[in-house]
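One structure is given here, and the rest of the page talks about it.
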Amino acid sequence: MRPDLPLALLLALILPLAPLGAQAANEHYLGYAYAAHGGAERYREEHWVVRDGARQTRLVLYRCPDGAAFARKWVRGGVDDPAPDFALFDQRDGYREGVSSRGAERHAYVQARASATTRSQALPPAEDAVIDAGFDAWLRAHWDPPATPLRFLVPSRLALMPLEVQARDVPGQRERVFRLRLDAWYGFAAPPLRVTYDRDSRRLRRFEGPSNLRDGNGGTQTVRIEFPADAELAPPTQQDMDAAAATPLTGRCD
């Protein structure tokens, strides 16, 4: 059973960040998640990003260390959209979460496991809402974050929550670190997240914090995710994304 730790679910937001925020071409790249202690590889992720005019579609496959895919995420919206629709599914336990739009209405939903009832909630209109991979677009527009918290969707709560973002440059390195924390009473009990970007290219280099993907024992895990420059692959076509979307998902990682 997944614990109700709202901040842990922020990983579903951070992981889809594009390594080059200002890049307009299609993208295909890898990220590697390691245990915070010991450094063992926990999982890896493979991203396909295809743009068509002002629209953008992102597919993420989460893979076991042996390469078998166990979870899939779709993110759909406009280019530089801070609040896109998304849908995450984990084959191992049937966990689902996402945001869907029907006309002017938007709903957030979450299903804790395959046998659980899906919970959903209509989202109120909000000009400052940030959803999932939309954090990357928000960050590029707020490279020096404002003091006012942004409103970020926490799927487990089916609500937009205030999220504090603080930035600092790393002395002697061309990196900027962003520290994220829920700005609410329960935020003090949840560990903060950190994402590190290259200051010149605004490339995502590293994520550090709790994952919303459970470990092999069904518990939570804290990870460090690296996005190495040499893990960028040739830009994909729509046909490449379609082929990746047909990848079967496994029910467990050995």
*Point-charge dipole on Cβ atoms (K/R +1, D/E -1) for the chain, about Cα centre, debye to 20*: 460 debye
_Cα centre as origin, Lys/Arg/Asp/Glu Cβ charges: segment 98-242 dipole, Debye_ = 440 debye
*Going by C-beta contacts inside 10 Å, put LEU88, LEU158 in order with the fewest on the left.*
LEU158, LEU88
_Stretch gain in nm, segment GLN121-ALA104, where the contour uses 0.36 nm per residue and the Cα spacing is subtracted_ = 4.7 nm
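Rule-based calculations on the coordinates, nothing more; no lab input. What you see is a predicted model, and the numbers here were worked out from it, not measured in a lab. Positions of Cβ are generated from backbone atoms using ideal geometry, with glycine treated the same way; all protein chains shown enter the neighbour counts.
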